[in-house]
Amino acid sequence: MTQVTEVVKLRRRVLTEIARLTFSGELIENISDILNTVVTEDGPRYRCCIHKERAVLQERIKLALSQPADVSLEAAAQNAVNGIIADMPVVQVMPIACDQCPIDKFLVTNACRNCLAHHCINSCPKKAIMVVQNRAYIDKTKCIECGLCKKSCPYGAIIEVNRPCEGACDLKAITAGSDRRALIDYDKCVQCGGCKTACPFGAIIDRAEIVQLIQALKSGKRVYAIMAPAFIGQFGPKIHASQVIGALKQAGFHEVYEASFGADIVTIEETAEFLGSVPERRPFMTTSCCPAFVGMVEKHLPDIEHIVSSTVSPMIATGKVIKEQDPEAVTVFIGPCIAKKAEAERSRGVIDLTVTFEELACVLVGAGINITAMTEADYKSMASLTANDFARAGGVIQAVIKHAEKANAGANIKPHRAEGLSNCKMALLQMKAGKSDANFFEGMACSGGCVGGPGVLTNPKVTGKLVENYAASSEYKTATDNQNVVETLNKGGYWHTK
């Protein structure tokens, strides 16, 4: 299991209470009760007083309802029940909760000897360092946190205190604002959720759409679940795929699709795109499955944006298949990824709602459904081995290579891959500079691939092995073996973004 910290427990308790009240039809009338049931006079206490605890909790509840902070709790609940999702970023900082990290980024320790050279003073471009009581002192009103003092000190007496959220962001999209609270630069942010996972105070949160989902389930509409390939093992190593699907149908889902079905479509389309464009129209091509990776290229490497595959992601491909078969369908993607929420928002009409595995677990608990009590049944994946392996790092590359081999073109592909956005960025710059002969690149924002996403419930290493075993049991070995996918493609359809 992933580490279940107090932050995780609090988040899950809030989501579960919201789900329970929504299923019972009591959310609007009793939304304020969550403040008293989660934060009581007896504790637990994480902040200075119960009033601060409840103020932070109120902001958390509003974001869990996908509503902004400037509306009342009751209005937020009403909007959520009405299916409204506020137009706001997916990942946000709750300023009221972001007040515990050290104010000073650079600190002078007792190791300072007040040496004669005073390298720290001489290196400071803002003259922010002086000697006070026989020791260097940093004037924070002048300091610009450039770090030159730390580098110049021969004793290592000046240390740098990195805020967890800043350290977790590979793209430097989050910094301390003028009030020293975390501030997200959305021109750089790709909504990967790394900062949310890193924050030890739960001050960074992603908005949830569970109320809107539950209302759709209760409405009688045909709600289709699109399960990401990483769902195997998320609810326990012994939980069979059929039990997960049974639980979803008991909750009210009309049908359950595996996003790996769309991954088979992506494999065929992306292989054709690669073989038709590399090296004639571009020197190399990248995958397009990971929205955080694609966002990184668009925002941080715009001069090579053309090298990203135009093939849609498996989520979008599966959503298109469902909408073609049932135009009235409500499509809900369920996966490990926060960035998928932003991708779905850009594709409204194809994907209607998005929830993480963690949020789904809270929905099921709120509905009173015990997934371990579901009856296990015979079940075969609707996708191929290579498609189900999309959930693991390297899976997309292998799927494309295997499919290309069917056309005797596998030798044309020289693969390379990376995990983590900073590693992806570095690899792409090397490829752009001609320092690598690779011509097909797989980029994944999360370590281990999708199984390591911020919305998972279990240890990625364990889940990765379980996904591998599940993939191996597939009836089809490659995308071309999946006749349902071949027939879908033969019917036509547009599987590219441009």
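The values are calculated or read from the model by the stated rules, or taken from the named source; none is laboratory data. None of the values given here were measured: they were computed from a predicted structure. Using ideal geometry, Cβ is built from the backbone for each residue, glycine included, and neighbour counts are taken over all protein chains shown.
Of these, Ala292, Ala344, which one is more than 23 Å from Lys432 (Cα to Cα) and not charged (D, E, K, R)? Full working, then the answer.
Numbers: Ala292 fails: more than 23 Å from Lys432 (Cα to Cα).
The unique qualifying residue is Ala344.
Ala198 meets the conditions (1) closer than 30 Å to Cys165 by Cα; (2) surrounded by 20 or more Cβ atoms within 10 Å (Cβ to Cβ); (3) not β-branched (Val, Ile, Thr) in every case but one. The failed one is (2).
Quick one: in the stretch 471-489, of everything that is surrounded by 14 or more Cβ atoms within 10 Å (Cβ to Cβ) and charged (D, E, K, R), which residue is farthest from Asn388 (Cα to Cα)? Looking at residues that are surrounded by 14 or more Cβ atoms within 10 Å (Cβ to Cβ) and charged (D, E, K, R), I get Asp481. Within the stretch 132-164, restricting attention to residues that are among the basic types (Lys, Arg) and in contact (Cβ under 8 Å) with a residue 40 or more places away in the chain, the residue that is nearest to Cys195 (Cα to Cα) is Arg163.
Identify, please: which residue in the stretch 315-349 is touching a residue at least 60 places away in the same chain (Cβ under 8 Å) and of a type in the set (Ser, Thr, Tyr) and is, among those, surrounded by the fewest Cβ atoms within 10 Å (Cβ to Cβ)? Result: Thr331.
Of all residues in the stretch 428-487, count the ones that are touching an Asp or Glu at 6+ places or on another chain (Cβ under 6 Å) and either within 28 Å of Gln325 (Cα to Cα) or at pLDDT below 95 (or both). Residues that pass the stated criteria total 4. Any chance the stretch 217-237 includes a residue that's surrounded by fewer than 20 Cβ atoms within 10 Å (Cβ to Cβ) and not in a loop (DSSP other than H, G, I, E, B)? Checked against the condition, which is being surrounded by fewer than 20 Cβ atoms within 10 Å (Cβ to Cβ) and not in a loop (DSSP other than H, G, I, E, B), the stretch 217-237 yields at least one hit.
Of the residues that sit in the stretch 97-115 and are free of Cβ contacts under 8 Å to residues at least 60 places away in the same chain and buried (at least 16 other Cβ atoms within 10 Å of the Cβ), which one is nearest to Leu217 (Cα to Cα)? Step by step, filter the stretch 97-115, then rank; the result is Phe106. Looking only at the stretch 154-188, residues that are touching a Lys or Arg at 6+ places or on another chain (Cβ under 8 Å), in a loop (DSSP other than H, G, I, E, B), of a type in the set (A, V, I, L, M, F, W, C) and surrounded by 18 or more Cβ atoms within 10 Å (Cβ to Cβ) come to 3 in all.
The single residue among Ala387, Ala361, Ala399, Ala393 that is part of a loop (DSSP other than H, G, I, E, B) and either within 26 Å of the chain's Cα centre (by Cα) or among the hydrophobic types (A, V, I, L, M, F, W, C) (or both) turns out to be Ala393.
Exactly one residue out of Ser436, Ser381 is hydroxyl-bearing (Ser, Thr, Tyr), part of a loop (DSSP other than H, G, I, E, B) and crowded, with 19+ Cβ neighbours inside 10 Å: that is Ser381. How do the pairs read when you match residues in the stretch 287-314 that are surrounded by fewer than 24 Cβ atoms within 10 Å (Cβ to Cβ) and assigned to a helix (DSSP H, G or I) with residues anywhere that are at pLDDT 95 or above and of a type in the set (Phe, Trp, Tyr), using Cβ under 7 Å and keeping only pairs 6 or more apart or on different chains? Note: pairs meeting the criteria are Ile307/Phe284.
Only one entry of Glu376, Glu345 meets the criterion of being in contact with a His (Cβ under 9 Å, 6 or more places away or on another chain) and either of a type outside the set (A, V, I, L, M, F, W, C) or more than 26 Å from Asn482 (Cα to Cα) (or both), and that entry is Glu376. Could you list, in sequence order, all residues of the stretch 195-216 that are assigned to a helix (DSSP H, G or I) and either without any contact (Cβ under 8 Å) to a residue 60 or more places away in the chain or not hydrophobic (A, V, I, L, M, F, W, C) (or both)? Across the stretch 195-216, the qualifying residues are Lys196, Thr197, Ala198, Gln212, Gln215. Per the conditions (1) in contact (Cβ under 8 Å) with a residue 24 or more places away in the chain; (2) outside any loop (DSSP other than H, G, I, E, B), the sole criterion not satisfied by Cys192 is (2).
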